[in-house]
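J.: Before I ask anything, here is the structure I am working with.
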Amino acid sequence: MRIIETIAEMQSLSGAARDAGEIVVFVPTMGYLHEGHASLLREGRKRGDLLVLSIFVNPTQFGAGEDFDSYPRDLERDRQLAADAGADIIFTPRASEMYPAGFQTYVDVERLTLPLCGRSRPGHFRGVTTVVCKLINIVMPHAALFGKKDYQQLAVIRRMVNDLNMNVEIVGMPIVREADGLAMSSRNAYLSTEERRSALCLIRAISAARDAFRNGERSVAALRDRVLKIVSAEPFASIDYTEFCHKDTLEGVARADDTTLLALAVKIGKTRLIDNTILGEE
């Protein structure tokens, strides 16, 4: 496995692989890898000849007061997990090369970025789409894999790729959970022991809403009430949003059906966690 730090070398290697008829598969991350990332890499290993993992904590997607400086970083740990999962290349560009002096071009997806996380993190998705667009142009993959835990991010990236006619397949992969149901996240490392227990309110709330939906409840008001009661009962929990919306448009709905996305953002202490489910899916 190779570590590549420069854009020129990454583009050269990917270009040579494509010229040789190889399938390039890409997993973009901000590092501090966990089993969720490993699942993307293992699937990517099955799909292609050259598997590229990027590790780049992207400054443009963090707002004022967010955790850019404290975001967990451990390249040696990441290197071992990536090697075990079959990665061929780790691409770790420097921020100064990704955003050199005079940089002024951004990619902005409009309506899909307004609700959910976009409402409470203005400018976040402009940073996400810009860096993903740049990384796709650098790595030149045939396919790129993203986890469904960041559901809105996946939807926004798919919209960008479609709208800009980018020649890459975007693959959404299932949420990977801890044994107790907590969605895996690099930010879980911030949680204290007590906060970690409190964080289970997200999956308990999702499970309660899914159970009610399976039992015939279709009123979003009633479903939301179940979710709010569970989360608000936790002393460390503070709700950012609890939304029921269409899985494709992310527009809010009053009546739930099989296409309804339940999306949650909850602060556990100072740590913001997200989770989601589509009510009609198993």
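The values are calculated or read from the model by the stated rules, or taken from the named source; none is laboratory data. This is a predicted model, so every value here is computed, not measured. Heads up, the Cβs are rebuilt from the backbone with ideal geometry, glycines too, and the neighbour counts pull from every protein chain shown.
J.: Please verify whether GLU194 is acidic (Asp, Glu), outside the structural domain of GLY118 (by TED's automatic domain parsing), on the phi < 0 side of the Ramachandran plot and under 19 Å from the mean Cα position of the chain (by Cα), treating the condition exactly as stated. Don't jump to the end; show me each part of the working.
T.: Details: acidic (Asp, Glu): yes; outside the structural domain of GLY118 (by TED's automatic domain parsing): yes; on the phi < 0 side of the Ramachandran plot: yes; under 19 Å from the mean Cα position of the chain (by Cα): no.
Criteria not met by GLU194.
J.: Which condition from (1) in a strand (DSSP E or B); (2) more than 23 Å from ARG18 (Cα to Cα) is the one that LYS149 breaks?
T.: (1)
J.: So, one more: Can you name every one of the helices (runs of 4 or more DSSP H) wholly within segment 1-95 that holds 3 or more residues which are within 30 Å of THR271 (Cβ to Cβ) and either in the same structural domain as VAL109 (by TED's automatic domain parsing) or at pLDDT below 95 (or both)?
T.: Numbers: elements: 7-19, 35-47, 75-84.
The helices (runs of 4 or more DSSP H) meeting that bar are 35-47, 75-84.
J.: Please verify whether GLN104 is more than 19 Å from THR6 (Cα to Cα), free of Cβ contacts under 8 Å to residues at least 12 places away in the same chain and not assigned by TED's automatic domain parsing to the domain that holds THR260, treating the condition exactly as stated.
T.: Details: more than 19 Å from THR6 (Cα to Cα): yes; free of Cβ contacts under 8 Å to residues at least 12 places away in the same chain: yes; not assigned by TED's automatic domain parsing to the domain that holds THR260: yes.
Yes, satisfied.
J.: Another one. Could you list all residues from segment 232-246 that are under 30 Å from MET160 (Cα atoms) and either surrounded by fewer than 18 Cβ atoms within 10 Å (Cβ to Cβ) or of a type in the set (Gly, Ala, Ser) (or both)?
T.: Of all residues in segment 232-246, those under 30 Å from MET160 (Cα atoms) come to 239-246.
Across segment 232-246, the qualifying residues are ILE239, ASP240, TYR241, HIS246.
J.: Of the numbered conditions (1) under 24 Å from MET30 (Cβ atoms); (2) out of contact with any Ser or Thr (no Cβ under 9 Å at 6 or more places or on another chain), TYR190 fails exactly one; give the number of that condition.
T.: If we test TYR190 against (1) under 24 Å from MET30 (Cβ atoms); (2) out of contact with any Ser or Thr (no Cβ under 9 Å at 6 or more places or on another chain), just (2) comes out false.
J.: I'd like to verify a number: residues in segment 202-231 that are surrounded by fewer than 19 Cβ atoms within 10 Å (Cβ to Cβ) and under 20 Å from CYS117 (Cβ atoms), how many?
T.: 2
J.: Let me ask another. Can you tell which of SER186, SER238, SER192 is closer than 30 Å to ASN137 by Cα and of a type in the set (Ser, Thr, Tyr)? Walk me through how you get there before you give the answer.
T.: Working: SER238 fails: closer than 30 Å to ASN137 by Cα; SER192 fails: closer than 30 Å to ASN137 by Cα.
Unique residue meeting the criteria: SER186.
J.: Inspect segment 157-166 for any residue being at positive phi, in contact (Cβ under 8 Å) with a residue 12 or more places away in the chain and part of a loop (DSSP other than H, G, I, E, B) and give the result as yes or no. Give the steps one after another, and end with the answer.
T.: To start, the set of residues in segment 157-166 that are at positive phi comprises 165.
Okay, now just the ones that are also in contact (Cβ under 8 Å) with a residue 12 or more places away in the chain, so none.
Looking through segment 157-166, none of the residues is at positive phi, in contact (Cβ under 8 Å) with a residue 12 or more places away in the chain and part of a loop (DSSP other than H, G, I, E, B).
J.: Kindly list the number of the only condition in (1) among the hydroxyl-bearing types (Ser, Thr, Tyr); (2) loosely packed, with under 14 Cβ neighbours inside 10 Å; (3) without any contact (Cβ under 8 Å) to a residue 40 or more places away in the chain that fails for SER192.
T.: All conditions pass for SER192, except number (3).
J.: Still on this structure, I have one more. Looking at segment 16-55, which of its residues are in contact with a Leu (Cβ under 6 Å, 6 or more places away or on another chain) and more than 18 Å from VAL171 (Cα to Cα)?
T.: Correct list: ALA17, GLU22, LEU33.
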